[in-house]
């Protein structure tokens, strides 16, 4: 179980994470989605105690992560696959972690096998690993303590399509056995197939959360017109919520009939009018996160 309540992080006048709240339940995979710089990594670092929040609290299994005894046995982390000693072999990396956590060394070979790093790869120095191999080693390290919770920041980066498919299966199996998974990504398709719930963050704030079906339900109308500014003005005067779409159109928080009638009343010819649900979750995700600026590396 992961509980995030009103997490906020400011650096001077710059707000990186703004009043973020969500829960991750046992037996589920939660996809934490947003464009690069949206605040995903900072939020995850606050959950794990590596970054002190300006406001709000986060709990893992009911307590502050920093108060967990031997946290690697309860929570598996992969926040940066590059943060591994380049001079150690893959097996040495896991043995050091196993000794630190008090895990039997047999778990090293079990986890190497679980993530698909064979004996040859296990003997190689980490500096010779591809990024995809480092991700696999990081996953092995996260799984080493047989935790009940996994917190993974962009774990599919560097994996080929086969590797991404493999990772989805591994995480789905972990959750199906009662585990809790929080998985961040800036690419919807990486997590859509495996996630039970989605939390979408944009410009440091949660802009949507729920299951795929919940996010698609009642998402409004996609509309395009040759004179987009006239259409936006007409919708604004009618009090209809509007945000930019990703294909030169607008996403309106109202039924197609209301949108069409508003445009007709103001004499704005339409080029396209359709329920937003027909565009699929990817269109909704891109619309929700449109306009996010790429922030500093702290996010």
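Values quoted throughout were computed directly from the atomic coordinates according to the rules given, and no laboratory measurement underlies them. Quick caveat, the model's predicted, so the values are computed rather than measured. Glycine gets a Cβ as well: all are built from the backbone with ideal geometry, and neighbour counts include every protein chain shown.
Tell me the angle of helix 228-237 to the major Cα principal axis of the chain, expressed in degrees between 0 and 90 and rounded to the nearest ten. It is inclined by approximately 80 degrees. Roughly what percent of Cα-Cα pairs across the chain reach past 24 Å? Tail of the P(r) past 24 Å holds 57 percent of the pairs.
With just the Cα atoms defining each centre, how far is the range 1-80 from the range 187-208? Give it in Å. Comparing the Cα centres of the range 1-80 and the range 187-208, I get a distance of 15 Å.
When the Gaussian network model of the chain links Cα atoms closer than 10 Å, the mean-square fluctuations of 258, 185, 21 top out at 258. If you take the square roots of the eigenvalues of the alpha-carbon gyration tensor of the range 5-69 and sort them as a ≥ b ≥ c, do you get rounded (a/c under 1.5), prolate (a/b over b/c) or oblate? Here the range 5-69 falls in the oblate category. For the range 1-128, a/c is not less than 1.5, where a ≥ b ≥ c are the root eigenvalues of the C-alpha gyration tensor, and a/b tops b/c. That puts it in the prolate class.
Across the alpha-carbon set of the range 35-88, the Rg to Rh ratio works out to 1.01, Rh being the Kirkwood radius. Multiplying the residue separation of residue 266 and residue 196 by 0.36 nm and removing their Cα-Cα distance gives an extension gain of 21.0 nm. For the chain, the relative contact order comes to 23 percent (Cα pairs under 8 Å, sequence separation of at least 6). On the basis of the beta-carbon distance and an R0 of 25 Å, residue 186 and residue 1 show a calculated FRET efficiency of 0.50. For the chain, the longest principal axis of the alpha carbon atoms and the long axis of helix 90-101 meet at an angle near 80°. Can you give the angle from 0 to 90° between the axis of helix 161-176 and the longest principal axis of the chain, with both taken from C-alpha atoms, to the nearest 10? It works out to around 80 degrees. Using a Gaussian network model of the chain in which every pair of alpha carbons under 10 angstrom is joined by a spring, one finds that among 208, 119, 140 the greatest mean-square fluctuation is at 119.
Looking at the chain only, what percent of DSSP beta bridges run antiparallel? Nearest 5 please. The antiparallel proportion sits near 60 percent. Here the simple spin-label model places points 7 Å from the Cα toward Cβ, and for residue 162 and residue 211 these points are separated by 3.4 nm. Here the extension length gained between residue 128 and residue 92 equals 11.5 nm, from 0.36 nm per residue of separation less the Cα-Cα distance.
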